[in-house]
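**Q** Take a look at this one; I'll ask things after.
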C-alpha cells in the first residue's frame, strides 16, 4: 500500500487496517505451517504493511513531523567538515 495513502488514514482506520493485515498474516503463516505454501510473497508484503501502520501510528503518537529524506540534514557530514576546519586552522 502506498505510504501517502496510509498517512491520510484516520487513527481508527489505521488501527483497523493494521488489525486486518495482522490477521491475514497470521492466517498465511498458519497455512504455511500446514504445508500450503501459497503466497510467500504476500507474507512479505503484509509484514511490511503492518510495520508501516505501526510506524505511522508511532510517529503520530510522538508528534514527529514528516520530512523527506532528501531534505533532512546529515549530521555525520557536518561533523566531518567541522573537524577538517579545526585541523586546517592549526
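**Q** Test residue 19 against the criterion of being without any contact (Cβ under 8 Å) to a residue 12 or more places away in the chain and outside any helix (DSSP H, G or I), and give yes or no.
**A** No, not satisfied.
**Q** Please state which one of 12, 57 is at pLDDT 85 or above, touching a helix residue (DSSP H, G or I) at 6+ places or on another chain (Cβ under 6 Å) and in a helix (DSSP H, G or I).
**A** 57 is the lone residue from the list that is at pLDDT 85 or above, touching a helix residue (DSSP H, G or I) at 6+ places or on another chain (Cβ under 6 Å) and in a helix (DSSP H, G or I).
**Q** Within segment 1-26, how many residues turn out to be closer than 17 Å to residue 45 by Cβ, more than 17 Å from the chain's Cα centre (by Cα) and loosely packed, with under 12 Cβ neighbours inside 10 Å?
**A** So the answer is 2.
The values are calculated or read from the model by the stated rules, or taken from the named source; none is laboratory data. Model, not experiment: these values are computed from the prediction. As a convention, Cβ positions derive from the backbone with ideal geometry for all residues, glycine included, and neighbour counts pool all protein chains shown.
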